[in-house]
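As structure tokens, the structure follows; a few thoughts come after it.
The values are calculated or read from the model by the stated rules, or taken from the named source; none is laboratory data. Please read these numbers as outputs of a predicted model, since none were measured by experiment. A quick note on method: Cβ atoms are made from the backbone with ideal geometry, for glycine too, and the neighbour counts reach across all protein chains shown.
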């Protein structure tokens, strides 16, 4: 069996030879010095996943592969079970965010960054930040549209936070669930070499939403062209991260089904981005239309001083010269 | 809602009510002082209590509540919303820091997060006073400056107490939700407009 082990380690390249020389020292150095070790040292699991995809990365990759077999040893009703989902360091989270911002063709996000260590920290807090970024930027863009009007009464529109939260968290959890179920079903029919666990899919979706946070903040700029460009860029980047992640998982399958899957993923993503981000502007315009204090029917081109400036609301997006309802 | 250290003292059962209340008030006041001048001390962590956070949260929620029910649907946060945000936000941050491997207890963390709302409550008081004057850009700039300063103070104060309990390579991961939490409360304070 020693020959087989040598062959397995040789696949990884130079990095693994140092680990093979002293495996025990490696596993001890991984543990945090402040805590009692959560993982019992055990035999490293031979990984069959590396046969197909090209393995790119740094030294941590092989260490986490060795420890991958020791995860999730606690039963699900203990606190330690859930701690395994938050077993990431600061630099790992930053690396994953960077990977979601710079999709490079040929590099799989899951293989390169997640490496059998999916975390729930990223998806949860990125979604939370995105919810508040959307709510705040919607509020601000609404405020800026009506800047300088004495009759305008500012309200914080606080209820929209809950709507945005529901949409985003539902997207971040239900779509991965559906996709995982679909991939499992196809896996039973066609033998795919690459398969992802549910948490890895949640992780990819969560990190791919990160690009929308700066997009939502930059949406305060009330220029149509700028907004369209921002949405296109964000959709392009996150859509390509998702597409490149899931293409290896479906390419063994029937050509049409594989293409349909990828197209569906990208379409859903587009639906989220366009629907959710556009609704910031629609909400502000919609709210304005129903404001009881608005009485004037001026178009944007003309102004009238009547003890104060009166401006016509626009929906800010598609209507440039809308008239307010009386 | 007191820590276990006090319970060993049997003689507190026979003392007058005034003594009990004064002792608790002094403990709360001492913790307020610790928040206002944050140093790396363990007093907040050792003798935790939740009276201070409760007083601060109720005060903040009362002041943030909109007086009229004119635009109920699109108005500001109501009392219950502020209350829920503060307490569920604190619970979420505490769970997050424990899941990341911090060795702080649940109620200690709630205590620290609750007490560090004090600068933002002071900011709310100042904003309400400033809003009594005439509205305008100067008014807004003053309020913005006050809220930013108090927000920074809250974050620095809570980080001073919470940072030591985290593993060293995860400090940023544990501090970021605190930053987000106080940012949201600051946003609610800044955007408050009286009817």
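Observations on the structure shown:
- Subset of region B:154-174 that is part of a helix (DSSP H, G or I) and facing chain A (nearest Cβ under 10 Å) - its residue that is modelled with the lowest pLDDT: B:165
- Single unsatisfied condition, residue B:180 versus (1) within 14 Å of the chain's Cα centre (by Cα); (2) within 8 Å of another protein chain (Cβ to nearest Cβ); (3) buried (at least 20 other Cβ atoms within 10 Å of the Cβ): (3)
- Residue check, residue B:94 more than 10 Å from chain A (Cβ to nearest Cβ) and free of Cβ contacts under 8 Å to residues at least 60 places away in the same chain: yes
- Scanning region A:195-222 for residues that are surrounded by fewer than 23 Cβ atoms within 10 Å (Cβ to Cβ), without any contact (Cβ under 8 Å) to a residue 40 or more places away in the chain and farther than 22 Å from residue A:132 by Cα yields a single hit, A:198.
- Check on residue A:230, modelled with pLDDT of 85 or more, within 24 Å of residue A:112 (Cβ to Cβ), within 20 Å of the chain's Cα centre (by Cα) and part of a helix (DSSP H, G or I): no
- Hey, residue A:138 within 13 Å of chain B (Cβ to nearest Cβ) and either at pLDDT 80 or above or farther than 21 Å from residue A:236 by Cα (or both) or not: yes
- Just one of the listed residues (B:12, B:59, B:20) is closer than 19 Å to residue B:189 by Cβ, modelled with pLDDT of 70 or more and away from chain A (no Cβ under 14 Å), and it is B:59.
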